[in-house]
Protein chains: 2
Amino acid sequence: MTVRELVVLGTASQAPTRTRNHNGYLLRWDGEGFLFDPGEGTQRQLLLAGVPSSAVTHLCISHFHGDHCLGVPGVVQRMSLDRVAHPVSAHFPASGRDHFGRLRAASVFHDVLDLREEPLTADGPVASGPSWTLEARRLDHLVETFGYRLVEPDGRRMLPEQLARAGVAGPDVGRLQREGSLDVGGRTVRLEEVSAHRPGQRVAFVMDTRLCDAVPALADGADLLVIESTFLEEDAALARAYGHLTARQAATVAAECGVRTLVLTHFSQRYPDPERYRDEAAAVFSGDLVVAADLDTVPVPRRAPT
Amino acid sequence: MTVRELVVLGTASQAPTRTRNHNGYLLRWDGEGFLFDPGEGTQRQLLLAGVPSSAVTHLCISHFHGDHCLGVPGVVQRMSLDRVAHPVSAHFPASGRDHFGRLRAASVFHDVLDLREEPLTADGPVASGPSWTLEARRLDHLVETFGYRLVEPDGRRMLPEQLARAGVAGPDVGRLQREGSLDVGGRTVRLEEVSAHRPGQRVAFVMDTRLCDAVPALADGADLLVIESTFLEEDAALARAYGHLTARQAATVAAECGVRTLVLTHFSQRYPDPERYRDEAAAVFSGDLVVAADLDTVPVPRRAPT
């Protein structure tokens, strides 16, 4: 499976609205499913998005305000009900261990889920698979908060014409990829001759936070940046006071960090027209811009080989 | 305020569906709001129903399976966010005290709600106001479970023609009501002469349970009975095994207990057509029958004076 896409489950900050559920984002990445910040109702939003609970392999919680974690009990209990057999790892700020424990055991259920708690204590890589490393970095909010990014190692893209010219075909292609060179009728074919550099994809997930060094560090070179923009610039003082970003701040970081697709979300109820977020961000960011709506699906843009 | 109505917030058992949120029922009764079994997403369902969080004055939890309580954190936090100033009492099986504690403190929030925990340890009255007594009674489910009913004391309805004939008017009417008799120009007017017996209204809330003595005890003479009918009779064995009722069982109790309006709810996903519940219940119950849908509003039928 090489599906790499973001499924937006909810987009409201603080309290849900008629059109926006509490936060929730599923990043589908090959066979993995990273569920970021499941707010209340995420179980049902997954259903509305057509995603089975078994798609989730990692829970990633930025912090323990309710709009970022009250969906944990429902998701965990649903996975247990669905007899999900694979292990699920849970990443969250270590200072929220008690909160996670309460969410984990919020009500009575037949618990068969293999959930592995992996509390975060420092910046750095927290988990990895063949095509990704999950990293966390401490942000600046009212309570301890971590942002995340998923980084794919750089690789090489095989070039069919060069392969044919070099006479490499069938199982030899895989061998060449693994071993770096191959003897073909007495001639040594090197991987570099028949492939191009393929930069790995990167997805960053930044919420909730004031502007701080960790924001560009996470957003750096992201193909997809999912970032809170709770406020508009006219309320920059409120944003600062409550530990949030404005759409302009988020978009400025995205522009400076070479982000390709920018997903704004976690909207305050105080602005009824979401186009205001778009206008403010588009003034400083010229890449693909998504003002997220519930149940949007956003593909992770492929990187051109260099 | 004399609004007495049931606001159906959710109707799904176990897991939500596209059309049914997890359980949740608000009984509006004069100025009170009894929130029964708030499942996950109740906060948003209240919003969709147009009910402010301040309408809730009592939380009544039958048991601590997730579909009956995972909405507690969202409701409590929303009430706190909305600065609800009145006290809220929480009734739940005492054996679930730890679960309630975890739901109460599930995530970080600025907690200003005056929430008073009143765990249930025995059958009987648990709270009362001028126009109601809330009673609880132990049911028969997989975990300790209580059903509830709200009982209004019988009263008297003043008869304007008789009052006029007896020469009682203005503040004297209240005095007559309070004191039972009144001297009017040398003649004693007794309350019974100028008023009719008005039976109090009753609303019962029964879930989850197998058939047991407490079910008819709660349903007895109810004007409105809200009752789980998770299964159809064809799956009576499953209903028994999982501690639930069938639509036929629920409707039979309602018929035998003189229930006026029967609200069936807490439906299993296994029957896509809700009309099957109606057909099964209507075969044995001839009163008003509601196969509940999310966001339905059902008035408590007034009792005719006798």
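In the protein assembly as shown, what percent of the accessible surface is made up of carbon and sulfur (1.4 Å probe, ligands and nucleic acids excluded)? Kindly include the intermediate steps, with their values, before the conclusion.
Numbers: 11700 of 24310 Å².
Taking all protein chains in place, the protein assembly as shown shows 48 percent carbon and sulfur surface.
Interface of A with B. Using a 1.4 Å probe and counting protein heavy atoms only, the two chains hide about 2900 Å² of accessible surface, both sides summed. When B:Glu192 is represented by a point 7 angstrom out along its Cα-to-C-beta vector, the spacings to that point in the other copies are 11.0 nm, nearest first. Of all beta bridges DSSP finds with both residues in the protein assembly as shown, what is the antiparallel percent, to the nearest 5? In the protein assembly as shown, approximately 55 percent of DSSP beta bridges are antiparallel ones. For the stretch B:156-195, what does the alpha-carbon gyration tensor say about shape, rounded, prolate or oblate, given a ≥ b ≥ c as the root eigenvalues, a/c under 1.5 as rounded, and a/b over b/c as prolate? Verdict is rounded for the stretch B:156-195. Each other copy holds its own label point for B:Glu117; taking that point as 7 Å from Cα along Cα to Cβ, the gaps run 1.9 nm, nearest first. Within the shell defined by Cβ-Cβ distances under 11 Å, the residues around A:Leu113 carry a net charge of +1, with Lys and Arg each +1 and Asp and Glu each -1. Across the stretch A:94-103, computed HN-Hα scalar couplings (Karplus, 6.51 cos²θ - 1.76 cosθ + 1.60, θ = phi - 60°) run 4, 5, x, 4, 5, 5, 4, x, 5, 5 Hz from first to last residue, x flagging Gly and Pro.
Give the angle, between 0 and 90 degrees and rounded to the nearest 10, that separates the Cα long axis of helix A:72-81 from the longest principal axis of the Cα atoms of chain A. Result, in degrees: 60.
Please find the FRET efficiency linking B:Leu48 to A:Ser128, where r is the Cβ-Cβ separation and R0 is fixed at 56 Å, and quote it to the nearest 0.05.
The formula returns an efficiency of 0.85 here.
FRET efficiency for the A:Arg175 to A:Thr306 pair, using the beta carbon distance and R₀ = 30 Å, is estimated at 0.75.
Charge tally for B:Gly66 (other residues, Cβ to Cβ under 10 Å; Lys, Arg +1; Asp, Glu -1): -1. In the assembly of identical copies, A:Arg18 has its label point, taken 7 Å from Cα in the direction of the beta carbon, separated from the corresponding points by 2.2 nm (ascending, one decimal). Let me make sure I get this right: for the stretch B:1-127, a, b and c are the square roots of the gyration tensor eigenvalues over alpha carbons, sorted descending. Under 1.5 in a/c it's rounded, otherwise prolate if a/b > b/c, else oblate. Which is it? In terms of gyration-tensor shape, rounded. Buried on complex formation within the stretch A:56-93 (loss of at least 10 square angstrom of accessible surface versus the isolated chain, 1.4 Å probe, ligands and nucleic acids ignored): A:Phe64, A:His65, A:Gly66, A:Leu70, A:Pro73, A:Gly74, A:Gln77, A:Arg78, A:Leu81. The residues of the stretch B:107-129 listed by number as losing at least 10 Å² of accessible area in the complex, against the isolated chain and with a 1.4 Å probe, are B:Ser107, B:Val108. To the nearest 0.05, what FRET efficiency results for A:Glu256 and B:Leu295 with a Förster distance of 60 Å applied to their C-beta separation? It comes out at approximately 0.85. Ellipticity at 222 nm from helices only: DSSP H runs of n ≥ 4 in the protein assembly as shown, each -39500 (n - 2.57), divided by the residue count, give -6500 deg cm²/dmol.
Which value, in Å², gives the accessible area per residue of the stretch B:156-195 when a 1.4 Å probe is used on the protein heavy atoms? Can you show the working numbers first?
On the way: 2590 Å² over 40 residues.
The answer is 65 Å² per residue.
The values are calculated or read from the model by the stated rules, or taken from the named source; none is laboratory data. Just so you know, these numbers come straight off a predicted model, no measurement behind them. Ideal geometry is used to build each Cβ from the backbone, glycine not excepted, and the neighbour counts take in all protein chains shown. When the accessible area is computed, the model is the full protein with side chains, heavy atoms only, and any ligands, DNA or RNA have been set aside. Shrake-Rupley method; radii C 1.70, N 1.55, O 1.52, S 1.80 Å.
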